[in-house]
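Here the structure is laid out as structure tokens; the discussion comes afterwards.
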Amino acid sequence: MLRRRFAARWGLLISPLRCYEFEKLKMACYVAIALLVVGFALWQLLQDRHARSKLSSVRSDSCSTTSDLIHDILKSVIAEYEAGVGSGKSWAGRVDCLDVDGDGSSEVLVQFPSGVHGCALQIFGTKANHLGKLGQIGSGAPVGFDFGDFDGDGKIEIRSEEVGLSSGLPYVEAPRFVVLWRWDGVKFSRVS
């Protein structure tokens with residue numbers, strides 16, 4: 001019915017041969033449209049992969065650049081602190097760039113002296129595409145923090161020492177014990 005209206009409107013004679021040619025032309029148009037859609041989808045996929053690789057390289061570059069910048073700031077602050085105190089023997093702090101939460105992108109880990117005998121670790125990273133502080137860990141011993149798989153489970157832990165003041169001994173003589181923290185998906189929790 002539709003073919004007759006089309007043919008009558010444009011003055012075409014409907015013959016079996018013309019109907020066959022019209023069907024071939026219609027099928028060729030469908031194939032061409034399908035190829036265009038598939039081609040566009042493949043182009044979008046390539047663009048997505050290219051953008052993801054660029055984003056990954058920018059994230060790693062910005063992490064190391066941020067890490068270097070914080071390290072330089074920390075060095076000057078610690079130098080001023082040591083000049084004011086005069087000891088020159090205090091723990092100096094450190095900046096690292098490492099994936100401690102297992103999301104595939106590195107976090108900036110800033111260690112610094114805290115209080116009279118302690119140290120602190122602040123972890124900065126991206127959460128929901130916003131850069132911010134993911135957590136902070138404090139330790140009562142001025143030894144800093146180490147990172148690695150210390151319990152053999154394949155996940156990164158943060159290791160430091162605590163001072164056992166419950167023994168009744170002075171701080172200098174009090175026993176020290178190793179403490180591990182791990183990212184549990186929301187915060188850094190003590191493992192041991």
Being exposed (fewer than 12 other Cβ atoms within 10 Å of the Cβ) and of a type in the set (Phe, Trp, Tyr) is the filter here, so list the residues in the stretch 121-175 that pass it. Tyr171
Can you name every residue in the stretch 145-174 that is at pLDDT 85 or above and assigned to a loop (DSSP other than H, G, I, E, B)? Phe145, Asp149, Phe150, Asp151, Gly152, Asp153, Gly154, Lys155, Ile156
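The values are calculated or read from the model by the stated rules, or taken from the named source; none is laboratory data. Just so you know, these numbers come straight off a predicted model, no measurement behind them. Glycine also receives a Cβ, built like all others from the backbone with ideal geometry; neighbour counts cover every protein chain displayed.
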